[in-house]
1. Can you tell me the FRET efficiency between Gln69 and Lys173 if r is taken as the Cβ-Cβ distance and R0 is 45 Å, rounded to the nearest 0.05?
2. Please tell me the relative contact order of segment 4-154 in percent, rounded to the nearest whole number, where contacts are Cα pairs under 8 Å and at least six residues apart.
3. Of (i) 33, 22, 15; (ii) 25, 21, 16; (iii) 42, 22, 16, which is the value of semi-axes √(5λ) of the Cα gyration tensor in Å derived from the coordinates here?
4. Expressed as a rounded percentage, what relative contact order does segment 1-81 have, with Cα pairs under 8 Å and six or more residues apart?
5. For Asn6 and Asp194, what is the calculated FRET efficiency with R₀ set at 45 Å and r taken between the beta-carbons, to the nearest 0.05?
6. For Glu23 and Thr107, what does the FRET efficiency come to when R0 = 35 Å and r is the distance between their Cβ atoms, rounded to the nearest 0.05?
7. Before rounding to the nearest 500, sum -39500 (n - 2.57) across all DSSP H runs of length at least 4 in the chain and divide by the residue total; then give [θ] at 222 nm in deg cm²/dmol.
8. Quick one: dipole size for segment 4-154, taken about the Cα centre, charges +1 on Lys/Arg Cβ and -1 on Asp/Glu Cβ, in debye to the nearest 20.
Amino acid sequence: MIINVNIPHAYWLFSMSNFGCSEIRPSIVYAIQSFAGKALHFHVLTDFGANFSTVCLDSLYHKEPSGDQLPLDFLQLWDCFSNNTSFITYNYLSECRVRVLFKDKSTMWGNYFGTIYWYDNGYTDEPTQFKEGHIILLDNGQVAVQPNNRLMFKDMSFTNKNFPDSKITPVTKRPSVESVSERWILSDDDFFYDIKQEKDGENI
């Protein structure tokens, strides 16, 4: 069971209002914490030396907050799917501009930070329910975690077409290359072994 995972440390702001203090302090966010069925949490080190765990998205700002602020259930659409989690920053998407579609159909631009992948749980194992959580640094200063189907990434040199009119459906299964193994047989055990097709138990 992996609950805590390192992320690239970032110099953000930490609102301590959920911890009984009205201050917003410069802090370093350096890890995520995932509990199945709960909001994502972060590990935070403050500028006065205190280390906090279980810090939710609505307490963090990647820059001075501005404009309308969103509640936690807007910032993160789905609870964590598992205690087992990993983190990656996809190089191609690094700092890419992205537009987030929130649950009330409002939108906001931001920048891609990284991706959370949950594993060893019923949702992730079922292809129609699988979701990654992309961490987005919103233009209003807040931080969001949203799945693929709530995001539109912008690459000036590539994503210059309109969204297709045809319906896009999710993947319903994960193909296996060995699912037709009853049709094939290895002819020998040489390094470059041959594979021959079988029919009714006989080579053809």
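1. Result of the calculation: an efficiency of 0.65.
2. For segment 4-154, the relative contact order is 20 percent.
3. (iii)
4. Once divided by the residue count of segment 1-81, the mean separation gives 28 percent.
5. Details: r = 46 Å, r/R0 = 1.03.
Here the calculated transfer efficiency is 0.45.
6. Efficiency for this residue pair is about 0.65.
7. The helix contribution divided over the chain gives -500 deg cm²/dmol.
8. Here the size comes out at about 300 debye.
Readers should treat all values here as calculations from the given coordinates under stated rules, not as data from a laboratory. Small disclaimer: the values here were computed from a predicted structure and weren't measured. Reconstructed Cβ throughout: ideal geometry from the backbone, glycine too, with neighbour counts over all protein chains shown.
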